[in-house]
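Notes for the one structure printed next.
Quick note: the coordinates plus some simple rules give every number you see, no bench work behind them. None of these values were measured; they are calculated from a predicted model. No Cβ is skipped: glycine too gets one built from the backbone with ideal geometry, and neighbour counts run over all protein chains shown.
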Amino acid sequence: MSTTSARERPRTALVAGGSRGLGLLVARELAGRGLRTTICARDPEEVERAVRQLRQDHGLELQGLVCDVADGAAVRQMVREVEREHGDIDVAIHVAGVIQAGPLTAVTEDLFREAIDIMVWGPIHLALAVLPGMRERGFGRLGTVTSIGGVVSPPHLLPYATAKFGAVGLSQGLHADLAGTGVTATTIVPGLMRTGSDRHALFTGYPAKEYAWFSVAASLPLLSMDAERAARLMVDAVLGGRPMVILTPLAKVATRFAGLAPSTTTRLLRLASRALPTGSGPGAVVEGSTARRRLGSGVVDRLTTLGTRAAQRFNEVDTPEGDGRVEKRNRRD
């Protein structure tokens, strides 16, 4: 017999990838609704800055932990630590991700491996760590932030789309397999959102040119969605136990069109690919903040004003030129 009625009001939440951007906003939304919320990310400085920002700007108390979601043992240890500190985890949302943009000629196995480790193994590790307790208690809410790129595979985002397709399949399968347990899994499918995430996206091929098209698309109101509104809708869907939520009008249209005309969709994406920059082969992988400086385009800067404001508000701090995280050499194994 399910004990769901005993836990109708979730009390403890964990947000994987909650130190900046969308994850920060999801954590803010959960904490603002009274849940004891813990965020995790790989970068200790980002985690500390996020906790401080949420405390000072919004009066919210959160716990911040350092954890790489690609490491299953680390995720299990984190879950045990959260449960010791705050009690049973009722809500777990996986937001952690990496965006890599570039032509196929510049994409290597390393980029695929990184994307899959974070955006497929990450939610697998999180789900396997929290599900036993949720099933035993007869209540739990899982949420996985995927992407329209996990339903329709766009050009120049192949590692990202490959991982997101896996995340969609995982989340949908979890929702079905958890039937009757009191635990639900929500597949979150956003389109472009104004989070400032282009500053930490990775670009290869001709990084400055790749940054130009991606950052503009992620900043314009007609193409992208206000991230704070998106976070509210995501949290509503997860707490409500919905199987799926699709955000942004373009994402909804693209999902329906791809379902009705998959071959036509693929042909249109092939045409779109011709309009994007082409690269000569493997080269440097550059973070968006560096690509932006190297591009030095006043036009792009003006078109991405909303994205820049979002980056400043949501802890998407630019990485200094020359930082070891900024640029690395792509290699083939």
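Points worth noting:
- Screening the chain for whole DSSP H helices with an alpha carbon extent of at least 27 angstrom along the helix axis and a mean Kyte-Doolittle hydropathy of at least 0.0 yields 158-177.
- Under 13 Å, Cβ to Cβ, from Gln77 - net charge with Lys/Arg +1 and Asp/Glu -1: -2
- Local electrostatic count at Leu276 - Lys and Arg +1, Asp and Glu -1, tallied over other residues with Cβ under 10 Å: +1
- The chain, helix-only ellipticity at 222 nm - DSSP H runs n ≥ 4, -39,500 (n - 2.57), divided by all residues, nearest 500: -15000 deg cm²/dmol
- DSSP beta bridges in the chain [antiparallel fraction, %, rounded to 5]: 15
- Along its three principal directions, the equivalent ellipsoid of region 213-252 from the Cα gyration tensor extends over semi-axes of 23, 10, 7 Å, largest first.
- Residues whose placed amide H lies under 5 Å from that of Ala101, excluding near-sequence neighbours: Leu202, Phe203, Thr204
- Projected label distance in nm at Leu269 and Arg11, using a 7 Å step from Cα toward the beta-carbon: 4.5
- Percent of C-alpha pairs per 10 Å bin, region 119-165, short to long: 26, 38, 25, 11, 1
- Once you reduce region 171-225 and region 73-119 to the center of their Cα atoms, the two points are 14 Å from each other.
- Computing Rg and Dmax of the Cα atoms in Å for the structure here picks out one of (i) 24.5, 76; (ii) 19.3, 62; (iii) 27.9, 120, namely (ii).
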